[in-house]
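See structure below.
Read-outs throughout are calculated quantities, based only on the coordinates presented, and are distinct from any laboratory measurement. This structure is a prediction, so every number in the text was calculated from the model and none was measured. Because the Cβ atoms are built from the backbone with ideal geometry, glycine has one as well, and the counts that use them run over all protein chains shown.
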Amino acid sequence: MNQEDNIEVNIVIAKCCKHNQTFGLRLEKINNNWLRTWAFKIKESSAKREGYDKNPINGTLMPMPSYPGCPYCKADNVVLCGCGKVSCYLSESKSVYCYWCNTKHDQIMLADSFSITPSKEF
Ligand SMILES: [Zn+2]
Ligand SMILES: [Zn+2]
């Protein structure tokens, strides 16, 4: 009955590296790989309430053509910080600021594959 039964979808909460704002990263599992399909503004409090922050993700998180970029600064890419959280990131940029752990990273380690296990505390 539900057309979406075959589609696995997940939401990861990310922060904008320019503005200390959260957004939801909509991921879809395609050929056993998690890909970015959409990004939308979300409040931290409502993200917590919806339980979006509990889903573990493994995949490349490459963008689909539909991916609009960060809803705040339009950055096309995302990066996984050492703190285990995701921030938006502009591909041409040489550094990224993680508002989750308040750290500026001058060297960006771009992972081939993400493995995100969101922590319970926000
Ligand atoms: Zn951004
Ligand atoms: Zn961090």
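Quick grid of which residues meet (1) under 18 Å from SER115 (Cα atoms); (2) surrounded by fewer than 17 Cβ atoms within 10 Å (Cβ to Cβ):
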residue	(1), (2)
TRP38	no, no
LYS41	no, yes
ARG49	no, yes
THR60	yes, yes
MET64	no, yes
ALA75	no, no
GLY84	yes, yes
TYR97	no, no
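Filtering region 33-68 to residues that are of a type in the set (S, T, N, Q) and either assigned to a strand (DSSP E or B) or free of Cβ contacts under 8 Å to residues at least 24 places away in the same chain (or both) leaves ASN33, THR37, SER45, SER46, ASN58. Please go through region 69-78 and pick out each residue that is more than 8 Å from ligand 1 (Cβ to nearest atom), within 15 Å of VAL12 (Cβ to Cβ) and without any contact (Cβ under 8 Å) to a residue 60 or more places away in the chain. Scanning region 69-78 gives a single hit, ASN77.
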